[in-house]
Amino acid sequence: MNTLSFPGLGIGEFELNEKAFLNVHWYALIIMTGIIVAVLYVWFRFREYKFKTDDLIDMAIWVIISGIIGARLYFILFKLDYYIVLPEDLGGTDSFFANLGESLRRMIAVWEGGLGIYGGVIAGGIAGCLVAKHKKMNILQTLDFLAPGVMLAQSIGRWGNFFNVEAFGGLTDGPLRMCSPTIANYLARHDYIEYNSTEYAQILSGELGVHPTFFYESMWNLVGFLAIWLIFVQIPKTKKFHKFHGQIFYMYLIWYGLGRFWIEGLRTDSLYLIEGVIRISQLVALISLIVGTALMIYSFVKLHRREENTLVKVLNREAIIAENEKKLKEEESKQKEEKNNGTNNKRETGVSKSKRKTKK
């Protein structure tokens, strides 16, 4: 149970329980809610373009499983000093199996925290591309479907950090400051402030707090999702701005990379490539921003020159929908034919049995 307050917003102290019920954590429930909402969004896009529901189900299964595994492995990779248990970590025991068992337990214990969103996005994206290739779908178009869903899931999922009182930034006296004894103790434990210092006391009194960076990122993703959804999906007059496959995905890379780069710079719990020098998420965000911008510029140049290639394929909604409707009709016709053939075979079998009985 944590005590939390937002004095700048006039919200006094209230208690926050990490567990929703029994041993189920709010974090897990919120992450699952984000995943479900993202799948529903992609389902809506699949229906719009007349893709098969079975293809979405297959893709969702592989993307979700790969995303969770990828997010966990990403976090473990940069926290190996905690997840690789040495004899001194267990009171000096030299039992290989005891150390191995505790290492595996820590790696599997997702409920104790530790998911790297970039790992989830990368692994899930690769899985989505492989499924799309297997289903003979356009990979860039598939990424255009998935990217806004990921933004929506990230926006919702960040509220899991709120219930865990984590993913916050450094000290601030701004109106959105978040205050808690848990936060004060965390900052003191990690040498951002000293116990019983002026800053420590001010956090407890509400004069100082920390940046609620989970909220910043949640809102940043929500704004990005709404902009993409309204401009390229919902409003008929602006749909024409969606010119080519991959455009929405490139926008995701740019928008998320830009937001994550500055928000990560505020956080106090970042994973570092080089301790105190390079934050992993800021580096990946910068790469995402640069790659997304380069691909967007390249695509518009090729589009202007009317040159299509693997990375630039002009979007034609009507042709895609017509082709998918044709495939669905052919599949339905094939299924009916197989069903009729099966029924006829049963009838012929029944007639043959009747003839044999008559002869007897």
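Nothing in this text is a laboratory measurement; each read-out follows from the coordinates by a stated rule. Remember, predicted model here, so these are calculated numbers, not experimental data. Note that we place each Cβ from the backbone using ideal geometry, even for glycine, and neighbour counts take in every protein chain shown.
Can you tell me the FRET efficiency between His304 and Tyr272 if r is taken as the Cβ-Cβ distance and R0 is 51 Å, rounded to the nearest 0.05?
0.75
Ranking request for peptides 202-214, 40-52, 11-23: highest mean number of other beta-carbon atoms within 10 Å first, then the rest in descending order.
Top of the packing list down: 202-214, 40-52, 11-23.
Determine how many Å³ per residue the convex hull of the Cα atoms of region 287-343 encloses.
Enclosed volume per residue, from the Cα hull, is 123 Å³.
Run through every distinct alpha carbon pair of region 58-212 and return the Kirkwood hydrodynamic radius in angstroms, one decimal place.
Mean inverse Cα-Cα distance, inverted, gives 18.6 Å.
Among Asn324, Asn341, Phe51, which residue has its Cα positioned farthest towards the positive end of the charge dipole of the chain, with +1 placed on the Cβ of Lys and Arg, -1 on the Cβ of Asp and Glu, and the dipole taken about the Cα centre?
So the residue we want is Asn341.
Relative to the longest principal axis of the C-alpha atoms of the chain, give the angle of the C-alpha long axis of helix 247-264, reported between 0 and 90° and rounded to the nearest 10°.
10
Order by neighbour count: Tyr74, Tyr298, fewest other Cβ atoms within 10 Å first, most last.
Tyr298, Tyr74
Output wanted: per-residue J couplings in Hz (rounded whole) for region 206-223, from phi through Karplus 6.51 cos²θ - 1.76 cosθ + 1.60, θ = phi - 60°, x for Gly and Pro.
x, 5, 10, x, 10, 5, x, 5, 4, 6, 4, 5, 4, 5, 4, 5, 5, 4
Give, to the nearest whole percent, the P(r) tail of region 185-315 beyond 24 angstrom, counting all Cα pairs.
49
Any idea how far apart Gln335 and Ile108 come out in nm if each label point goes 7 Å out from Cα toward Cβ?
Each label point lies 7 Å from its Cα, and together they span 3.9 nm.
Using the 10 angstrom Cβ neighbour count as an exposure proxy, how do Tyr27, Tyr195, Tyr200 rank, fewest first?
Tyr195, Tyr200, Tyr27
How big is the convex hull of the Cα atoms of region 131-185, per residue, in Å³?
Per residue, the Cα convex hull of region 131-185 comes to 128 Å³.
Express in % the proportion of alpha carbon pairs of the chain at distances exceeding 30 Å.
Everything past 30 Å amounts to 51 percent.
Take the Cα gyration tensor of region 126-233, multiply each eigenvalue by 5, square-root it, and list the three semi-axes largest first, rounded to whole angstrom.
Computed over region 126-233, the values are 41, 15, 8 Å.
Using packing as a proxy for protection, rank 125-135, 304-314 so that the peptide with the highest average count of other Cβ atoms within 10 Å comes first.
125-135, 304-314
Please label the shape of region 192-253 as rounded, prolate or oblate, based on the square roots a ≥ b ≥ c of the eigenvalues of the alpha-carbon gyration tensor (a/c under 1.5 means rounded; beyond that, a/b larger than b/c means prolate, else oblate).
Here region 192-253 falls in the prolate category.
Using a ≥ b ≥ c from the Cα gyration tensor of region 1-44 (square roots of the eigenvalues), is it rounded, prolate or oblate, where a/c under 1.5 gives rounded and otherwise the larger of a/b and b/c decides, a/b for prolate?
Since a/c reaches 1.5 but b/c is at least a/b, the shape of region 1-44 is classed as oblate.
Pairs of alpha-carbon atoms within less than 8 angstrom and 6+ residues apart define the contacts here; what relative contact order does region 5-118 have, in percent?
It comes to 22 percent, rounded to a whole number.
May I ask you to derive the relative contact order of the chain, considering only C-alpha pairs under 8 Å and at least 6 residues apart, and to give it as an integer percent?
Averaging sequence separation for qualifying contacts and normalising by length gives 18 percent for the chain.
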